[in-house]
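The values are calculated or read from the model by the stated rules, or taken from the named source; none is laboratory data. Values in this document were obtained by computation on a predicted structure and should not be read as measured data. No Cβ is skipped: glycine too gets one built from the backbone with ideal geometry, and neighbour counts run over all protein chains shown.
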Amino acid sequence: MNTRWVFPLLFVLTLLLLAAGCNQTAAPPATPAPTAVETIATATPAPVVTTTVASSTPGPVQTLPDAWSIEVQVAGNGEAINPEITVTCVGGKGLNVVPQLDVKVTRPDGVVKTDSITKPLYKGKSVSLPITSQMGNVNRVEVWAIDPQGDKVKIFDDYVPFRTYN
């Protein structure tokens, strides 16, 4: 009798027995019996309506490190038919490292407009936002620079009239 195939056959059978024991599924846990919960009806509180009013008072500004500095110019176009405020990047050492400038205009009537100046930043790149020429002609403009670490730094915050008189 040839015994050459007996040992490989025993090895395969042993592997099959071990594998059969590993494939058994565990019994699912027993479902607990439901319990009754007594609820007591109470009056539903009225919802509180809160409104967030944008501050119209300019706050402090921060300075970027000298290597990341960016300069902006903010001016109204003075047109009564289509009043706009234009924020223009006028240069700085941070033109290549600052990825974005975020602009927010709060109009006297409470409307807030936002936009961004994104990479590539260069001298003269600008964004214009609509404003109102009514109600005192003063619009608050805030400009944030996103530094290379991803932090927002407020570099400009002031009132800007839609028209200036010389």
For residues that are out of contact with any Lys or Arg (no Cβ under 6 Å at 6 or more places or on another chain) and at pLDDT 90 or above, scanning just region 103-116, find the one that is farthest from residue 57 (Cα to Cα). 116
Qualifying positions in region 89-109 - in a helix (DSSP H, G or I) and aliphatic (A, V, I, L, M): 95
Residue tally, condition of a type in the set (A, V, I, L, M), touching a strand residue (DSSP E or B) at 6+ places or on another chain (Cβ under 9 Å) and free of Cβ contacts under 8 Å to residues at least 60 places away in the same chain, over region 69-86: 0
Return yes when residue 81 is of a type in the set (A, V, I, L, M, F, W, C) and either on the phi > 0 side of the Ramachandran plot or at pLDDT 90 or above (or both) and no when it is not. no
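Matching residues to (1) among the acidic types (Asp, Glu); (2) exposed (fewer than 15 other Cβ atoms within 10 Å of the Cβ); (3) over 19 Å from residue 71 (Cβ atoms):
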| position | (1), (2), (3) |
| --- | --- |
| 98 | no, no, no |
| 106 | no, no, yes |
| 110 | no, yes, yes |
| 120 | no, yes, no |
| 133 | no, no, yes |
| 145 | no, no, no |
Condition set of a type in the set (A, V, I, L, M, F, W, C) and modelled with pLDDT of 90 or more, scope region 122-131, selection nearest to residue 65 (Cα to Cα): answer is 127
Subset of region 122-131, residues assigned to a loop (DSSP other than H, G, I, E, B), out of contact with any Phe, Trp or Tyr (no Cβ under 7 Å at 6 or more places or on another chain) and crowded, with 16+ Cβ neighbours inside 10 Å, comes to 125
Expected single match for touching a Ser or Thr at 6+ places or on another chain (Cβ under 8 Å), more than 20 Å from residue 59 (Cβ to Cβ) and not aromatic (Phe, Trp, Tyr) among 91, 150, 124 is 124
Since residue 99 meets every condition but one in (1) in contact (Cβ under 8 Å) with a residue 40 or more places away in the chain; (2) under 13 Å from residue 87 (Cα atoms), which condition does it not meet? (2)
